[in-house]
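*Asks:* The structure's right below; bear with me while I get my questions together.
Here, each number is a calculation from the coordinates, and none is a lab measurement. Values in this document were obtained by computation on a predicted structure and should not be read as measured data. As a convention, Cβ positions derive from the backbone with ideal geometry for all residues, glycine included, and neighbour counts pool all protein chains shown.
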Number of protein chains: 2
Amino acid sequence: MSKSMTFNVEELKQYVVQFLRAHEIPEIEARIAADVLVSADMRGITSHGVIRLHSYYGDGLRRGKINPESPITTINESAATLALDGGNGLGPVVAYRAMSRCIDLADQAGLAMTTVRNSNHYGIAGYYAMMALPDDMIGISLTNSQPLVAPTFGKNVALGTNPIAVAIPAGTERPYVLDMATSIVSIGKIVVHDKAGVPIPEGWAINQEGELTHKPAEVLNNGALLPLGGPAELRGYKGYGLSLLVDLLSGVLSGAAYGMDVGAPSSTENANVGHFFAAVKIENFRPVDDFKTDMDRYIRKLKATEKLPGHDRIFIHGEKEFELAERAIKTGVPLMPEVVEALEQAGREAGVPFDVQPGQ
Amino acid sequence: MSKSMTFNVEELKQYVVQFLRAHEIPEIEARIAADVLVSADMRGITSHGVIRLHSYYGDGLRRGKINPESPITTINESAATLALDGGNGLGPVVAYRAMSRCIDLADQAGLAMTTVRNSNHYGIAGYYAMMALPDDMIGISLTNSQPLVAPTFGKNVALGTNPIAVAIPAGTERPYVLDMATSIVSIGKIVVHDKAGVPIPEGWAINQEGELTHKPAEVLNNGALLPLGGPAELRGYKGYGLSLLVDLLSGVLSGAAYGMDVGAPSSTENANVGHFFAAVKIENFRPVDDFKTDMDRYIRKLKATEKLPGHDRIFIHGEKEFELAERAIKTGVPLMPEVVEALEQAGREAGVPFDVQPGQ
């Protein structure tokens with residue numbers, strides 16, 4: 001595999017801001033979206049990073065499919081609940097605003113939930129869950145997404161990879177940050193295997209006949225991803241249940257599209273993606289210091305349990321990503337040459353040349 | 001396998017009430033616990049049904065380990081949040097009261113969350129989630145449990161099978177009711193295979209050396225269950241993350257025991273089990289009728305998608321259990337002869353003979 005190049009975090013963000021500004025995204029909103037996109041690369045979730053600047057956003061903005069003003073309207077509001085319409089705006093901007101308002105409500109009410117309809121792909125789910133951490137709150141972020149996953153006993157796609165993200169603060173230890181697709185792997189993993197000519201492990205996905213396959217090309221040709229758990233014997237119907245749950249909360253409860261009707265970023269129709277956010281104030285349940293002391297103690301105990309032969313570490317969710325992000329701040333954001341080429345091409349097409357120099 | 005006998009629902013419940021009354025559980029509380037236990041058998045979740053009358057409850061009550069008065073106290077309360085201490089009471093009673101108060105709060109505030117510390121095994125998680133359905137609310141019920149599951153890359157148990165239950169109402173279709181352990185299977189499944197002398201499928205569990213095993217006896221002898229997803233290649237760390245999440249919300253946020261410290265029903269110490277409940281009023285987000293119409297449409301579309309060869313039905317979560325419960329009301333609750341024998345033995349020991357006649 002080719003060697004990655006590294007880019008200064010702020011310079012990379014600044015380029016994304018310029019790119020989005022050139023697509024009529026206002027300055028503040030462009031900064032929000034840039035932070036979400038670059039954070040994905042910093043945290044090692046490259047499938048949702050700047051490689052998507054074109055396919056998630058630039059492309060849709062140029063076709064007039066995404067409203068650059070992200071005109072959010074309130075459908076329903078109470079002391080602890082909020083239902084929003086994202087105005088077919090930029091996903092990360094709509095999601096950031098929705099989670100911000102959710103946190104504000106939770107600050108008063110002790111907890112809050114916010115649904116969003118009529119939005120677009122919001123990037124990494126974990127970003128919005130983590131927004132709750134500085135306020136000593138638990139953050140939850142769910143979204144539905146284009147159909148890529150087959151239900152248990154089903155032959156075709158019917159559900160999205162619908163991620164679940166939950167962030168929970170700790171004391172001196174790093175926070176717990178779960179950010180998982182409810183499918184075994186994302187479609188990006190299949191694409192990577194296909195491009196590299198490497199077979200996929202049995203259980204990840206099925207071909208268009210509904211048979212388990214090792215061939216990534218068969219999955220991409222009208223096949224389907226399998227939900228977490230895989231076959232029924234290993235309880236894949238639980239992963240199917242979680243995927244459905246995410247869609248019921250972020251799609252049906254919000255009044256957005258759901259199931260087969262959720263648009264892909266590349267579709268010509270409005271995607272009408274739905275999101276669901278929650279924020280929970282810890283001090284409403286017990287003193288924050290006690291909570292954090294127990295979080296630290298639990299994390300340390302888990303990490304100290306005996307390891308399997310060949311393994312020297314037990315991970316807490318989010319830990320690897322925090323380490324990668326800290327390294328990216330020091331030594332730059334790693335991007336593969338193919339990603340840099342794609343940015344250069346997108347930049348040329350958009351009249352915003354990608355002029356960030358690697359190495360920092 | 002031996003043939004099951006069937007018992008009239010109300011007669012079976014009445015026996016459980018008598019049994020609990022003889023253990024100083026007040027009448028109303030005994031009725032609550034009987035309904036939870038018998039509902040498990042009616043819904044086909046026999047591992048959590050009346051077979052546990054002795055091991056979950058009778059045994060602990062006789063040893064003075066469970067407080068039959070279930071003296072619940074309030075630690076913290078606000079308009080939408082509630083933190084309770086279960087007073088080391090009977091799990092189903094504490095959980096029922098906690099979820100009832102959660103629903104009452106949500107009726108006013110639009111949503112509510114309730115944590116519980118110092119409780120005991122509460123039976124099936126789904127029971128409490130489903131309590132929200134008649135009020136057109138979404139119900140959530142989580143609990144931690146004794147350590148039986150190894151974290152990814154870990155050799156020994158460190159987490160419980162910590163279930164997730166969510167109930168969401170539909171219109172003319174049956175509600176969606178997810179009620180899943182975050183391990184691939186429950187320990188009860190391993191016991192059943194062990195008793196029957198049948199090997200377990202690869203991936204369910206490991207032996208005390210941390211190796212995947214087909215031998216149920218090896219799992220029961222200091223082995224461990226694996227989290228949903230199984231091996232790292234199939235993303236077992238997501239199941240591990242869900243198990244941990246349930247414990248952080250029901251154990252750490254509540255101030256109960258967590259991880260290795262959660263007591264088993266058979267332990268001599270107080271179990272200090274923690275629960276987490278939430279109720280969400282649908283009308284705070286969108287009109288209930290619109291929501292239900294979409295639920296029905298989504299369920300029908302999922303069920304109508306093409307099936308894998310050899311399968312003629314796609315299930316929605318809870319559907320099989322509703323069908324079993326409806327059948328149990330008509331033709332009786334099926335119990336295996338071994339369960340009936342255990343009830344007879346428990347009844348003799350407790351001085352409350354099991355005198356319910358099979359067939360109805």
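*Asks:* Taking each label point as 7 Å beyond Cα in the direction of the beta carbon, state the distances from A:N270 to the same residue in the other copies, shortest first, in nm.
*Replies:* From this label point to the equivalent ones elsewhere in the assembly: 5.5 nm.
*Asks:* Separate question: Provide an ascending nm list, one decimal, of label-point separations from B:P26 to the equivalent residue in each further copy; define each label point as 7 Å from Cα along Cα→Cβ.
*Replies:* Inter-copy label distances (nm, one decimal, shortest first): 5.8.
*Asks:* Continuing with the same structure: For a label point 7 Å from the Cα of A:A196 along Cα→C-beta, name the residues of the range A:30-66 whose backbone N is under 15 Å from it.
*Replies:* It comes to A:45-47, nothing else.
*Asks:* Moving to a separate point now. Applying 1/(1 + (r/R0)^6) with R0 = 51 Å to the Cβ-Cβ distance of B:I28 and B:E306, what FRET efficiency is obtained, to the nearest 0.05?
*Replies:* E(calc), rounded to 0.05, equals 0.55.
*Asks:* Taking the Cβ of A:D135 as the center, what net charge do the other residues with Cβ under 9 Å away carry, scoring Lys and Arg +1 and Asp and Glu -1?
*Replies:* With Lys, Arg at +1 and Asp, Glu at -1, the net is -1.
*Asks:* Tell me the relative contact order for chain A as a rounded percent, counting alpha carbon contacts under 8 Å between residues six or more apart.
*Replies:* 23 percent
*Asks:* Right, something else. At 222 nm, what helix-only mean residue ellipticity would chain A give, in deg cm²/dmol to the nearest 500, using -39500 (n - 2.57) for each DSSP H run of four or more?
*Replies:* Taking each H run of at least 4 residues, the total per residue is -11000 deg cm²/dmol.
*Asks:* If you wrap a convex hull around the alpha carbons of the protein assembly as shown, what volume per residue comes out, as a whole number of Å³?
*Replies:* 145 Å³
*Asks:* Could you state the orientation-averaged shadow area of the convex hull built on the Cα atoms of chain A, in nm² to one decimal?
*Replies:* Answer in nm², one decimal: 18.4.
*Asks:* Enumerate the helices in chain B for which the Kyte-Doolittle hydropathy averages -1.0 or more and the C-alpha atoms extend at least 20 Å along the helix's axis, using complete DSSP H runs.
*Replies:* Those that clear 20 Å and a mean of -1.0 are B:27-42, B:91-109.
*Asks:* Now a separate question. Grab the alpha carbons of the range B:185-225, take their convex hull, and tell me the volume per residue in Å³.
*Replies:* 49 Å³
*Asks:* For A:Q108, go 7 angstrom from Cα along the Cα-to-Cβ vector, then report the distances to that same point in the other copies in nm, smallest first.
*Replies:* Those label-point separations list as 1.7 nm.
*Asks:* If I model the range A:8-162 as equal point scatterers sitting on the Cα atoms and use the Debye formula, what is log10 I(q)/I(0) at q = 0.11 Å⁻¹?
*Replies:* Log10 I(q)/I(0), no solvent term: -0.45.
*Asks:* In straight Cα distance, which lysines are under 22 Å from B:K238, not counting same-chain residues fewer than 8 positions off?
*Replies:* A:K189, A:K238, A:K301, A:K303, A:K307, A:K320, B:K155, B:K189
*Asks:* Which aspartates and glutamates does B:K292 reach when only Cα atoms under 20 Å apart count, and residues fewer than 8 places away in its own chain are ignored?
*Replies:* In chain and number order, the partners are A:D85, A:D247, A:D261, B:D107, B:D135, B:D136, B:E173, B:E283, B:E319.
*Asks:* What FRET efficiency do you get for B:E283 and A:H214 if R0 is 35 Å and r is their Cβ-Cβ distance, rounded to the nearest 0.05?
*Replies:* Plugging the Cβ-Cβ distance into 1/(1 + (r/R0)^6) gives 0.10.
*Asks:* Another question, then. Give the Rg/Rh ratio for the range A:157-293, taking Rg as the radius of gyration of the Cα atoms and Rh as the Kirkwood radius, to two decimals.
*Replies:* Answer for the range A:157-293: 1.07.
*Asks:* Out of A:L244, A:L308, A:L234, any idea which swings most in a Gaussian network model of chain A, alpha carbons joined below 10 Å?
*Replies:* A:L308
*Asks:* While we're looking at this one, here's another question. Under 19 Å Cα to Cα from B:K65, which lysines show up? Leave out anything in the same chain fewer than 8 places away.
*Replies:* Within the straight-line cut-off, B:K65 pairs with nothing.
*Asks:* Have a look at A:K330, A:K307, A:K155 and tell me which one the Gaussian network model of chain A (Cα, springs below 10 Å) gives the largest fluctuation.
*Replies:* A:K307
*Asks:* May I ask you to derive the FRET efficiency for B:K330 and A:R348 from their Cβ-Cβ distance with R0 = 51 Å, giving the value to the nearest 0.05?
*Replies:* Once rounded, the FRET efficiency stands at 0.15.
*Asks:* Further question: Treat each spin label as a single point 7 Å out from the Cα along the C-beta direction, and report the A:R313 to B:Q357 distance in nm.
*Replies:* Going by the 7 Å Cα→Cβ label model, 6.8 nm.
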